[in-house]
Amino acid sequence: MARRYRYKDIQLPQLRSFCVAATEGNFTAAARALGLSAPTVWEQVRGLERRLGATLLLRKGRKVELTAEGRVLLNLIQPHVSGIDSLERLFDTQRADLPRRLTVASTPHLLAHHLITPVQEFAALHPTVAVRLRPSVRLEDGLQLVERGQADLGIQSYLPEESKQDEIEFEHLFDMKFMLVTAVGHPLARKRQVTARDVVKYPLVMQQEGSLSRKEMERILRRDHLLDQARAVVETSHFDVIRSYVAAGIGISLLYTTLHARRFLPDLHLRVFDPEREGLPVALLLRKGAHHAAPVNEFCRIVRRCLATDD
């Protein structure tokens, strides 16, 4: 039966073992330097010799000496093996000179009203890292940015059934409530209890069709047979546009946000429309199994701590 050899093609460990054995002049010393056993170093060198069809090292007692062919090979490969062995150190050194950036994908509303404190705290700790904010109105936009590596992480609202992703890990942060948003002096701001029938009496500043807030509003009005009475005066995908138009008294709005947002919206009145309804979860999105640089891990820790109180 023909003998089956372990090494069929030239491999970096073979070249490294040959270089070290040649320079040390001893298989045992080479094994100690490489953290291997002497038989393993010997087998790697012999496999290299078989592949090249040449004798590279000759035993002289406990010592080994280079043959003429071995000297030719050593001159050819030693600079390359040394370069590869120093690759990690060189890579870390030169990577440190690159512009450092942390990219976060999130909805305009979360970016403007919930991530200010985490970004502010992170910037104070890492002044040399630029935080790049990528607006992603829809969950699928945020998922795509994170999956493709165009964002280091995402912070998005989602439906529970949407969290079953092969590539992305969902880590729950907090829940948003479905809120009635009016100007501070609006009659509904002073009303003790507000129903869907009260809402349709006023023009509505709506989020765009297909958004989670729009779907929830339509579901509530349809349940009470009031959807055909709703009158949209403005439709937009941006919370800050809704804020400006509602504050100007152009209309009222129903959408997902948190009471935490009151701190940033002194010109608006926010109240939970239906306290019994479950909230809309917001999650931290990260690539499963991916290596995350230290700044990314630090920002995630800050986000977890800061946003845990945003319900």
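Each reported figure results from applying straightforward, stated rules to the coordinates on display, with no laboratory input. This is a predicted model, so every value here is computed, not measured. When we count neighbours, we look across all protein chains shown, and the Cβ atoms used for this are built from the backbone with ideal geometry, even at glycine.
Just want to confirm a number: the relative contact order over the range 12-92, from Cα pairs under 8 angstrom separated by 6+ residues, in percent.
Result for the range 12-92 is 28 percent.
Which lysines have a Cα lying under 29 Å from the Cα of LYS288, excluding residues fewer than 8 positions away in the same chain?
Partners found: LYS164, LYS177.
Match the structure shown to one of the listed values (i) 204; (ii) 129; (iii) 178 of volume of the Cα convex hull per residue in Å³, computed from it, and give that label.
(i)
If I model a spin label at ASP274 and GLN11 as a point 7 Å from the Cα along the Cα→Cβ vector, what separation in nanometres do I get?
Those two pseudo-labels are separated by 6.3 nm.
Note the full-extension length gain between ARG51 and ARG219 as 0.36 nm times their separation in residues minus their Cα-Cα distance, in nm to one decimal.
My answer for the length gained is 53.3 nm.
Just how large is the dipole of the chain about the Cα centre, in debye to the nearest 20, putting +1 at every Lys and Arg Cβ and -1 at every Asp and Glu Cβ?
Dipole about the Cα centre, nearest 20: 960 debye.
222 nm [θ] for the chain, helices only, -39500 (n - 2.57) per DSSP H run of 4+, per residue, to 500?
It comes out at -12500 deg cm²/dmol, rounded to the nearest 500.
How much of the DSSP bridge set in the chain is antiparallel, in percent, rounded to the nearest 5?
Of those bridges, close to 65 percent are antiparallel.
ALA290 versus THR67, label points 7 Å from Cα toward the beta carbon: distance in nm?
Placing both labels 7 Å beyond Cα along the Cβ direction yields 5.1 nm.
Suppose the chain between ALA130 and GLU162 were pulled fully straight at 0.36 nm per residue; how much longer would it get relative to their current alpha carbon spacing?
8.5 nm
When the chain is modelled as a GNM with alpha-carbon springs shorter than 10 Å, which of VAL72, VAL181, VAL234 fluctuates the most?
VAL72
Can you tell which of GLN229, GLN11, GLN150 shows the greatest fluctuation in a Gaussian network model of the chain with Cα springs below 10 Å?
Its mean-square fluctuation being the largest, the pick is GLN11.
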